[in-house]
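S.K.: Shown below is the structure under consideration.
Coordinate-derived values only; no laboratory data. No experiment lies behind these values; they were computed from the predicted model shown. We place every Cβ from the backbone using ideal geometry, glycine too, and count neighbours over all the protein chains shown.
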Amino acid sequence: MPHIRGDASVTLKSLSKIKHVRAFTVRGGGADYHDQGEGHWIDNHIATPMSRYPEYRQSRQSFGINVLGTLVVEIEAEDGTIGFAVTTGGEPACYIVEKHLARFLEGRSPLEYEKIWDQMYFSTQYYGRKGLVINAISGVDLALWDLLGKLRQEPVYHMLGGAVRDELQFYATGARPDIAKELGFIGGKMALHHGPAEGVEGLKKNIAELAEMRERVGPDFWLMWDCWMALDVDYATRLAIAAHEYGLKWIEEAISPDDYWGYAELRRNVPRGMLVTTGEHEATRWGFRMLLDMECCDIIQPDVGWCGGITELLKISALADAKGKMVVPHGSSVYSYHFVITRHNSPFAEFLMMHPGPTEVVPMFAPQLLGEPVPVNGRLKASALDAPGFGVTFNPDVATHRPYTH
């Protein structure tokens, strides 16, 4: 990939226009949906919508969670400055970026991110609206914010209004909340291992795992469950009620993201004080408006690489703020940190423990990103985000492939 540079002498009046948009694929590494190796905790008998089929129960890779791979979007300005971002989407998303979306950026000022987003979304609405197309739009939008920050020599969070606190605090998602506690995190979220197809015995195993972890971490440490769309309302209700005595803080993404009515029912069903959270696989202000208007959850969890990018996340967050709901984005490293540090209704952040164990804190998008900050004792100073743009560079040792051009 070309060298990334910025020029501190650039003024807004003379801000360089966009010259090229390019899209690449990467295999291996990245965060949880990218392409992890065998034996990783994040691929080990996790309850999924495919768990009803025994042959796809043990591994998410068996049914194809890693088939798309990483999407890298690169936007080059006329002065040679390059902004980039990584998300999921792989080769199909590359096609969308190169053959469709690039026309709305090249020759334009990066300051026009609102108009660019609007044109990308409505030009693709007839085949988009969610999923892969919004992943592609999100990647473009994040790369655009990265470019704008580098041209202005400002970190993204400064352009979003500045920090509202001095540091971020994190909970950790991984298989070992007890180790997360030792590492200074405020809580630990575990993957649910057994779904409805495994019956009452599976439910008992889930509760036994929670009870054991509560014994390890003590009474005050947060414990949460990520159910990854695997359950139905009845099973999720029984699970939540059984988990209540062990102080489960929240039950996350328990059912299909399209079942707004089911989420509203589940929120009515869970024990008083337990939170219902979802939104990792929701997209755009319209999808989150459904979750909020129908009182489906207590916390929304958009992924900035899938919901529409920073430009759309700002609108989603405003909707949640008006409803008095928290926004705690799905773990996406610097792409969410720059947002969370600027919002009062985002009081903490998620850190995905991407160490296979997971027993160590390692960069979430390794080996793809260089300069990626990680929490120390469960905290990250705002000053760690002070480099221009999102503050990271793409690792030149990682092989990229550009399957399409325009």
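S.K.: Return the sequence-ordered ³J(HN,Hα) values of the range 58-73 in whole Hz as given by the Karplus equation 6.51 cos²θ - 1.76 cosθ + 1.60 applied to θ = phi - 60°, using x for Gly and Pro.
M.R.: Those phi angles translate into 6, 9, 5, 5, 4, 9, x, 5, 9, 5, 6, x, 7, 9, 10, 9 Hz.
S.K.: Okay, moving on. With θ taken as phi - 60° and the coefficients 6.51, -1.76 and 1.60, list the Karplus ³J(HN,Hα) couplings across the range 200-205 in order, rounded to whole Hz; mark glycine and proline as x.
M.R.: In residue order, the calculated couplings are 4, 4, x, 4, 4, 5 Hz.
S.K.: So, one more: Considering every pair of different Cα atoms, what Kirkwood radius, in Å, is found for the range 124-226?
M.R.: Every distinct Cα pair counted, the radius reaches 17.6 Å.
S.K.: Right, here's the next one. Which residues make up the longest stretch of the chain clear of GluC sites (Glu not before Pro) that lie in a DSSP loop with no more than 12 other Cβ atoms within 10 Å, not counting the sites?
M.R.: Working: sites that count: Glu38, Glu78, Glu360.
Excluding the exposed sites themselves, the longest stretch runs over 79-359.
S.K.: For the range 159-393, what is the Kirkwood hydrodynamic radius in Å, using each pair of distinct C-alpha atoms?
M.R.: 18.1
S.K.: Separate question: Give me the Kirkwood hydrodynamic radius of the range 18-154, using the inverse of the mean 1/r over all pairs of distinct Cα atoms, in Å to one decimal.
M.R.: The answer is 16.0 Å.
S.K.: Just in the range 133-185: which trypsin sites (Lys or Arg not before Pro) are loop by DSSP and have at most 15 other Cβ atoms within 10 Å?
M.R.: Here the sparse-neighbourhood loop sites are Arg165.
S.K.: Each residue of the range 167-177 in order: what ³J(HN,Hα) in whole Hz does its phi give by Karplus 6.51 cos²θ - 1.76 cosθ + 1.60, θ = phi - 60°, with x for Gly and Pro?
M.R.: Ordered by residue, 3J(HN,Hα) equals 8, 8, 10, 10, 9, 10, 9, x, 7, 10, x Hz.
S.K.: While we're looking at this one, here's another question. Once the convex hull of the alpha carbons of the chain is built, what does its volume come to per residue, in cubic angstrom?
M.R.: On the way: hull volume 52.0 nm³, N = 406.
It comes to 128 Å³ per residue, whole-number rounded.
S.K.: Sequence-distant or interchain residues sharing an amide H contact under 5 Å with Ala191, placed H: which?
M.R.: Amide H to amide H, under 5 Å and 5 or more residues apart or across chains, Ala191 pairs with Gly174, Asp226.
S.K.: Search the structure for amide H atoms under 5 Å from the amide H of Thr88, placed 1.01 Å from N in the peptide plane, and list their residues when 5 or more places away or on another chain.
M.R.: Sorted by chain and number, the residues that satisfy this are Leu71.
S.K.: Take every Cα pair under 8 Å in the range 136-187 that's 6+ residues apart, average their separations, divide by the length, and report that relative contact order as a whole percent. Could you put the intermediate results ahead of the total?
M.R.: Working: 21 pairs, mean separation 11.9, N = 52.
Contact order relative to length: 23 percent.
S.K.: Tell me, what is the percent relative contact order of the range 273-366, built from C-alpha pairs under 8 Å that lie six or more residues apart?
M.R.: On the way: 143 pairs, mean separation 21.3, N = 94.
The value is 23 percent.
S.K.: Further question: Relative to the longest principal Cα axis of the chain, at what angle does helix 284-293 sit, 0 to 90 degrees, rounded to 10?
M.R.: That helix lies at roughly 30 degrees to the long axis.
S.K.: Pull up all non-local amide H partners of Met326: gap of 5 or more, or a different chain, and H-to-H distance under 5 Å with H placed in the peptide plane.
M.R.: Here the answer is Ile300, since their amide H atoms fall under 5 Å of that of Met326.
S.K.: State, as an integer percentage, the relative contact order of the chain based on alpha-carbon contacts under 8 Å between residues 6 or more apart.
M.R.: Normalised by residue count, the contact order of the chain is 21 percent.
S.K.: Could you calculate the FRET efficiency of Gln153 with Tyr56 from 1/(1 + (r/R0)^6), where r is the beta carbon distance between them and R0 is 35 Å, rounded to 0.05?
M.R.: The value I calculate is 0.10.
S.K.: Moving on. For the Cα atoms of the chain, what angle does the longest principal axis make with the long axis of helix 260-269, in degrees from 0 to 90, nearest 10?
M.R.: Between helix and principal axis, roughly 40 degrees.
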